[in-house]
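Visitor: Handing you a structure now.
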Amino acid sequence: MPYRRLPNTDKARIAALEKAVEMEYKYSKFELAASYKTLNEARSFLNKFKTAYSRYHYSYGEQIKYAGKYQSLVRTARLYVSHFIQVLNMAIIRNEIKKEHRVYYGLDINCTTVPDLLNEADLLSWGEKIIAGENRRVSQGGSPIYTPTIAKVAVHYDIFKEAYHCQQGFRQNASRSLALLSAMREEGDGIILDIWNQVETYFSSLPTEIRMDKCREYGIIYYYRTGEKKA
């Protein structure tokens, strides 16, 4: 015996609701298999759900569209910050800069390794420390590092920083939109279930295949089990 199953995707939920509310234009109020009140509720919810669905996919699309450019800016900033720290460490090894000056940059005075910059938040934090540290050391009479200069590092860091906050905004918008959409799904499923139950009850006295065809008009989808054949 074929069985029905509620939609399991947002697109399928929208299709099911659209099919049901369309019946108001096909039949009179007194011929509808689902109550006018329920279909009216479905139409109102459908409009809100489609708006939330479109908003989420737009936000997510903007995030993905910007992601390629953003990752390029991240790699460039990471390269410059990392390179600057390596040059600083080499200058210390050559005794051109005192190792105690590492504290200006937030670095351990005895550590010669580059901090972990893989995480974007860490890159943001270390970039700020390195720029502030170099400016502080030079302001106290220290010789500036030239390959790369801190000005060059700062340019790429600032571009990355602006992109970072922009990308965070895209992520937050997409996350908020998805949360709103997710919160609406249970209500939508409840409306669809109510419509389907009313429709199947209304047509319950009809022969099976005729009943199923009538129910399909309202968006009910029937699935055949393995081995079953459609009439």
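The values are calculated or read from the model by the stated rules, or taken from the named source; none is laboratory data. Predicted, not measured: the structure shown is a model, and the values here were computed from it. Cβ: placed from backbone, ideal geometry, glycine included. Neighbour counts: every protein chain shown. The protein model used for the area step is the full one, side chains on, heavy atoms only, and it has no ligands, DNA or RNA in it. Shrake-Rupley method; radii C 1.70, N 1.55, O 1.52, S 1.80 Å.
Visitor: Those residues that are free of Cβ contacts under 8 Å to residues at least 24 places away in the same chain, at negative phi and of a type outside the set (D, E, K, R), I need them from segment 90-102; list them, please.
Guide: Once the filter is applied, which keeps residues that are free of Cβ contacts under 8 Å to residues at least 24 places away in the same chain, at negative phi and of a type outside the set (D, E, K, R), segment 90-102 yields Met90, Ile92, Ile93.
Visitor: Same structure again: Please indicate, with yes or no, whether at least one residue in segment 125-142 is open to solvent by less than 60 Å² (accessible area, probe 1.4 Å), in a loop (DSSP other than H, G, I, E, B) and at pLDDT 95 or above.
Guide: No: zero hits.
Visitor: Quick check, is Tyr80 part of a helix (DSSP H, G or I), in contact with a Phe, Trp or Tyr (Cβ under 9 Å, 6 or more places away or on another chain) and at pLDDT 95 or above?
Guide: yes
Visitor: Looking at (1) touching a helix residue (DSSP H, G or I) at 6+ places or on another chain (Cβ under 7 Å); (2) open to solvent by less than 60 Å² (accessible area, probe 1.4 Å), find the lone condition where Gln168 falls short.
Guide: Answer for Gln168: the failing condition is (1).
Visitor: Anything in segment 173-210 that is farther than 26 Å from Phe45 by Cβ, in a helix (DSSP H, G or I) and either charged (D, E, K, R) or open to solvent by 70 Å² or more (accessible area, probe 1.4 Å) (or both)? List them, or say none.
Guide: Across segment 173-210, the qualifying residues are Glu209, Ile210.
Visitor: A further question on this structure: Name the residues in segment 1-55 that are at pLDDT below 95, acidic (Asp, Glu) and either part of a loop (DSSP other than H, G, I, E, B) or open to solvent by less than 60 Å² (accessible area, probe 1.4 Å) (or both), would you?
Guide: Glu24, Glu31
Visitor: Of all residues in segment 59-109 being open to solvent by less than 40 Å² (accessible area, probe 1.4 Å) and touching a Pro at 6+ places or on another chain (Cβ under 8 Å), which is farthest from Ile150 (Cα to Cα)?
Guide: The selected residue is Leu107.
Visitor: Could you go through segment 105-122 and let me know if any residue there is aliphatic (A, V, I, L, M), assigned to a helix (DSSP H, G or I) and farther than 20 Å from Asp158 by Cβ.
Guide: For segment 105-122, residues aliphatic (A, V, I, L, M), assigned to a helix (DSSP H, G or I) and farther than 20 Å from Asp158 by Cβ: absent.
Visitor: Oh, and also: Please list, ordered by first then second residue, the pairs with beta carbon atoms under 9 Å, 6 or more apart or interchain, first in segment 110-130 and touching a residue at least 12 places away in the same chain (Cβ under 8 Å) and under 16 Å from Glu100 (Cα atoms), second open to solvent by 90 Å² or more (accessible area, probe 1.4 Å) and of a type in the set (Gly, Ala, Ser).
Guide: No pair meets every condition.
Visitor: In segment 211-231, how many residues are free of Cβ contacts under 8 Å to residues at least 60 places away in the same chain, outside any helix (DSSP H, G or I) and open to solvent by less than 80 Å² (accessible area, probe 1.4 Å)?
Guide: 1
Visitor: Looking at (1) in contact with a His (Cβ under 7 Å, 6 or more places away or on another chain); (2) within 30 Å of Tyr218 (Cβ to Cβ); (3) among the β-branched types (Val, Ile, Thr), which is the one condition that is false for Thr76?
Guide: With (1) in contact with a His (Cβ under 7 Å, 6 or more places away or on another chain); (2) within 30 Å of Tyr218 (Cβ to Cβ); (3) among the β-branched types (Val, Ile, Thr) applied to Thr76, the lone miss is (2).
Visitor: Checking Ala163 against (1) within 14 Å of Ala77 (Cβ to Cβ); (2) in contact with a Phe, Trp or Tyr (Cβ under 9 Å, 6 or more places away or on another chain); (3) surrounded by fewer than 17 Cβ atoms within 10 Å (Cβ to Cβ), only one condition comes out false. Which one?
Guide: (3)
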